[in-house]
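This report refers to the structure that appears directly beneath it.
Values in this text are rule-based calculations from the coordinates and carry no lab data. What you are looking at is a predicted structure, and each value in this text was computed from that prediction instead of being measured. Positions of Cβ are backbone-derived with ideal geometry, glycine not excepted, and every protein chain shown enters the neighbour counts.
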Amino acid sequence: MKQNRVGKIIAFIILAIVCLVWIFPLVWAVLTSFKSDIEIQKVGFSLFPKHWTIENYTKLLFGNDSSPVLSWFINSLIISLSHTVLVLFIVSFAAYGYTRLTFKGRDLLFSILLGTMMFPSVMNLIPNFKIVDTLGWTNTFLAVIVPGAAGVYNIFLVRQFILGIPKELDESAVVDGANEFQIFYYIILPLIRPVLTVVALFSFTGSWNDFLWPSIVISDIDKLPITPGLQLLQGQYLTYPGIGTAGALLALIPTFILYLIAQKSFMESMSLQSGIK
């Protein structure tokens, strides 16, 4: 009994140290964003600001016409939300089709689909750009919303979750006269909400943090999302670390809030039977 208690204390201490190591850079960044550039560049280490100021945020949001941070932030919200909704629509229907619908070559087609995960995503850059350019989507939001909406990993994740739902529920619905769409909408969809929440979380975060693809297909500064926009901001304010830190924290806010909201569903999705009552 005493050994178990000592083990728990040691485990708690180790986890607390790891937590501090992970959270310290974030705390430092938050406090640094309220310091003046002179104080940041001063020799020596000081965690808390001696003179608190919001000048970095005012300059970032309202003091620079060549770096429209508010427009970048709004663009990222539009792009990420639209991309997430499209992902949920495509992935849920595709996963249902690969589990509940019976057609010739279904398993072979899904195996080929899984095989595409072996190729690095960078191989798709040139083909995707050619497709987007042919459709006339370059320098538009569609160029960053549509590509990647049918992610194979997301389809696999939702498919595995649906496989844990008994088919007897479908058969009972068929006896009551339900068609395929009604089975999907009234039975399957409510049960897979936890895993769809996780897919939405991953999709929103991935779209929000994407840097390379938006930098390739969008050339207009006003249409940039915030992640490639921050790269321009870093080059412009290289000697002003406070503004760069404030911009990074501003970009962090939506994903941080999203994780806080979705953490319960994330834990539920870890069990393939979590939707079954």
task = Please give the FRET efficiency for residue 131 paired with residue 85, using the beta carbon to beta carbon distance and R0 = 25 Å, rounded to the nearest 0.05.
result = 0.75
query = Extension gain residue 108-residue 169, at 0.36 nm per residue separation less the Cα-Cα distance, in nm?
reply = 19.4 nm
key: Full-stretch length increase - residue 124, residue 29 - with 0.36 nm per residue and alpha-carbon distance subtracted   = 30.7 nm
query = How much net charge surrounds residue 35 when only the other residues with a Cβ under 11 Å from the Cβ of residue 35 are counted, with Lys and Arg +1 and Asp and Glu -1?
reply = -1
request  = Fewest Cβ neighbours within 10 Å first, please rank 137, 52, 213, 28 accordingly.
outcome  = 52, 28, 137, 213
task = Within 10 Å of each residue's Cβ, count the other Cβ atoms and sort 126, 131, 165 from fewest upward.
result = 126, 131, 165
request  = Would you mind computing, in nm to one decimal, how far apart the modelled labels at residue 40 and residue 20 are, each placed 7 Å from Cα along Cα→Cβ?
outcome  = 2.6 nm
task = Run the numbers on the chain and let me know its relative contact order in percent, using alpha-carbon pairs under 8 Å that are six or more apart.
result = 30 percent
task = Report, in order of residue number, the helices in the chain meeting two criteria: a C-alpha extent of 30 Å or more along the helix axis, and a mean Kyte-Doolittle hydropathy of at least 0.0; treat each whole DSSP H run as one helix.
result = 2-32, 69-100, 241-268
ask   = Considering the values (1) 72, 19, 13; (2) 40, 21, 15; (3) 41, 29, 16, which represents semi-axes √(5λ) of the Cα gyration tensor in Å as calculated for the structure under consideration?
value = (3)
query = What number of lysine-lysine pairs in the chain show an alpha-carbon separation below 16 angstrom, given a sequence spacing of 8 or more or placement on distinct chains?
reply = 4
remark   = Two pseudo-spin positions, 7 Å from Cα along C-beta at residue 9 and at residue 181, lie apart in nanometres by 6.5 nm
message = For region 107-214, what does the relative contact order come out to in percent, with C-alpha contacts under 8 Å and a separation of six or more?
response = 31 percent
task = Quick one: order 45, 129 by neighbouring beta-carbon count within 10 Å, fewest to most.
result = 45, 129
